[in-house]
Each structure stands twice: as structure tokens, then as C-alpha cells.
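The values are calculated or read from the model by the stated rules, or taken from the named source; none is laboratory data. Given the structure is predicted, the values throughout are model-derived calculations rather than measurements. Quick reminder, even Gly has a Cβ in these numbers, built from the backbone with ideal geometry, and neighbours come from all protein chains shown.
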Amino acid sequence: MAELTDNRDDEEAAGLRKIIHVDMDAFFASVEQRDQPELRGKPVAVGGSGGRGVVAAASYEARKFGVKSAMPSVTAKRLCPDLIFVKHRFDAYKEASRQIRAIFHHHTPHVEPLSLDEAYLDVTEDLLGIGSATRIANLIRQEIRAKTRLTASAGVSYNKFLAKLASDQNKPDGICVIRPGQGADFVAGLPIRRFHGVGPKAEEKMKRLGIETGADLAAKDIAFLRANFGSFADYLFRAARGIDLRPVRAHRVRKSVGGERTFGEDISSGAQLRDTLENIIEIVWERIETAKARGRTVTLKMKFTDFQTMTRAKSVPHWIEDKAEFAQLGRDLLAEALPLPMPIRLMGLTLSNLDHGNEEERPKDEAQLSLL
């Protein structure tokens, strides 16, 4: 689809918000290529290269060969024999993320981080009085490049759902704007897999029902969707029409701190699951430290290929303030669940039963770890 970007200021339609979704391009791998010039232009995977390793992130050069996050390293190496593996450096990723968030807050206090490498911004009233969300998004991308030597893609629209779709439209290092009145038409032309929350199994089911695009989905009434997709139906009905009323939540009482990761391919081996859990532990603990949260309960969540969900939780009588204890509790929960009855498509880890009140919280439906 052609890029929908220009410099007009007609974003200011009455009653509509101005939302930007900023998504860093291949963030972990790009940080490695920035810091190690010899890696630039080459296929790079962040993760372990051994027989039990898992790809945590892949550069765009590697993705051309089909290399994806959560893929076993041996599979990635088979797809791309010249693939270069590097160990993750979460301190470097966190530092870059702090720089990027400072840029966001220079323009608006209404920032909702989704992970280290992406966030929603509400710039309906921006701090610098620029007025145009498109101009602000371009300025942010320019500032990120200047201060971090990394590239970002941005989506601009009047709600969060459309802004997130738009940010992926012209990657890498691109921008897409979906203006008032364009949302439904934009969504109609998308493959159903582009809808947030629609994984491989849901896509397969939808195709069996004759739903392959946003237009096909919009043609189904709510009764049909509820009969076939249960509680997921209301979201699908609204999304197919480009409707999303969720606000950008910069401040909210937090009940838990955590994150989930949906895999491109279902996984089941103990080694893959353990390596993936380690990646999730690193990023979730960073969120815990940022929120200055203390909790007593760690919960492991896994969603199977048939969409059934398993949760396992452990509580302790004291506050969990140490990363080592948090990590060990997560590992223990996974060990108790193995072997799994079938492969899983999602894993999540959460700290709850918290000891604080007025901290930031990301909405549960946005707790995806973006490692791409």
C-alpha cells in the first residue's frame, strides 16, 4: 500500500486524538551493529549459537533468509549459513531505551511504553506547541537517529490500533500516517495476520471460515464472531472497522509487572523454553526496577497451540526485591510444568501482589515483549 504521509495539518479533526506509535527497527540487533561496525550490513542474530540456543532478535539482513525471534539457533543457521551470533547485552539496550524515552518526554508527558523498543505517545496537546502529529513523529525519528545512531519507524493516527498498524507499514526507517476517515479502508486491505493478537493458529481458523483480510472480517456480524471466537470477538469486530477507544495510559495504578511473548512458531522443547524464559526474565526485571515494584507472587503463563492457557504461580512470605530470586522462582515454575502436553505459542512472566500504589502500568493486552 502506498505511503500515506505528507505535511498537512488536517489531523486536527474535532474530537479526534493524535496518537504516535514509535517502534525501533530490529532494536537489539541494531544496537549490536551500531557498537560493532564490523557487523553492519551483515546477518546478525542476538542469542545463543549452541545446539540449545534460541534467536532473541534478528537484523533485517538475517530476516531476508527467514530468521525470526524465538527460532532455534540451529534452524536459523541452516536458513542463513553466514549468520553471525552475538550474546545479548541488556545494559546497552536499556541505556538506548532510556535515551529514546527522554526524547519522547521532551514532546509529551503522555507516553505508554510497551517494551524497551516501542511506545505509544498521545500528542493531541504537545509540549512544544508544534500541533502536527506527523511533524512531531518525524522530529522524534530525527532526534533518535542523532542521539542514538539508531533508526525508528513511526505510525501516526487517531487511535492506538491504527497507529501500531501504521508503524509497521513502511519499516525499516519509515513513517505512515492514517488520517481521519482512512482507518476502515486501510484495515480492509490488510491480511488478517497483521491484526494484533491474531497468531498462526487463529489465522488458520479464520481462513477456514473464509476470513483472509480486514474486509472479510468486517463482513461478519458480531453474532458470527462471538460464536466462533468467544471473548475475542468484540475486539475483532471493532478492529475490522478501525475502532479503538483505549487511551494512552502514562499513569495508572499497577497491579502487576510483567510481559508476554508470542512466538512466530510454536515451541515445545525444554531447552527452547528455558532460553526463552531467560530472555523474558531480563526484560521483565528491567520493568520491575523501573517501576520500583516489590511483590510476593511470580506467575508463569503459557498458551498452548489450541489456545488453552496454563498458569502456575508461587508466592513467598517476603517481598521479592532480588533479581536472582525472581528468576529462580520463574525457572522453578517452568521446571514443574515440564514436560508440556503440547507446544505453546505464548509465554509470559509476572510479578504481582505488589507493595505500591501509584506507579505506571501498561494495559494487560499490550504486554508483548517486542524483541524484533
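Find the helices (runs of 4 or more DSSP H) located wholly in the stretch 15-124 whose residues include 2 or more that are more than 17 Å from the chain's Cα centre (by Cα) and among the hydroxyl-bearing types (Ser, Thr, Tyr), and list them.
Correct list: 73-79.
Please work out if residue 47 is on the phi > 0 side of the Ramachandran plot and either among the basic types (Lys, Arg) or at pLDDT below 95 (or both).
yes
Return the total of residues in the stretch 203-213 being out of contact with any strand residue (DSSP E or B) (no Cβ under 7 Å at 6 or more places or on another chain) and surrounded by fewer than 19 Cβ atoms within 10 Å (Cβ to Cβ).
Number satisfying all stated conditions: 7.
Select, from 168, 216, the only residue that is within 28 Å of residue 20 (Cβ to Cβ) and touching a residue at least 12 places away in the same chain (Cβ under 8 Å).
Testing whether each residue is within 28 Å of residue 20 (Cβ to Cβ) and touching a residue at least 12 places away in the same chain (Cβ under 8 Å) leaves just 168.
Exactly one of these conditions fails for residue 336: (1) over 17 Å from the mean Cα position of the chain (by Cα); (2) modelled with pLDDT under 90. Give me its number.
That leaves (2) as the condition not met.
I'd like to know if the stretch 181-202 contains one or more residues that are of a type in the set (S, T, N, Q) and either in contact with a strand residue (DSSP E or B) (Cβ under 7 Å, 6 or more places away or on another chain) or closer than 30 Å to residue 92 by Cα (or both).
No, there is no match, as no residue in the stretch 181-202 is of a type in the set (S, T, N, Q) and either in contact with a strand residue (DSSP E or B) (Cβ under 7 Å, 6 or more places away or on another chain) or closer than 30 Å to residue 92 by Cα (or both).
Which residues, counting only those in the stretch 85-111, are aliphatic (A, V, I, L, M) and under 18 Å from residue 25 (Cβ atoms)?
86, 92, 96, 100, 103
If you scan the stretch 127-136, which residues turn out to be crowded, with 22+ Cβ neighbours inside 10 Å and touching a helix residue (DSSP H, G or I) at 6+ places or on another chain (Cβ under 6 Å)?
136
Go through (1) outside the structural domain of residue 192 (by TED's automatic domain parsing); (2) on the phi > 0 side of the Ramachandran plot and name the single condition residue 230 misses.
(1)
Being charged (D, E, K, R), on the phi < 0 side of the Ramachandran plot and under 21 Å from the mean Cα position of the chain (by Cα), is that true of even one residue in the stretch 127-137?
no
Which count do you get for residues in the stretch 339-367 that are at pLDDT 80 or above and either of a type in the set (Phe, Trp, Tyr) or farther than 16 Å from residue 261 by Cα (or both)?
The total comes to 7.
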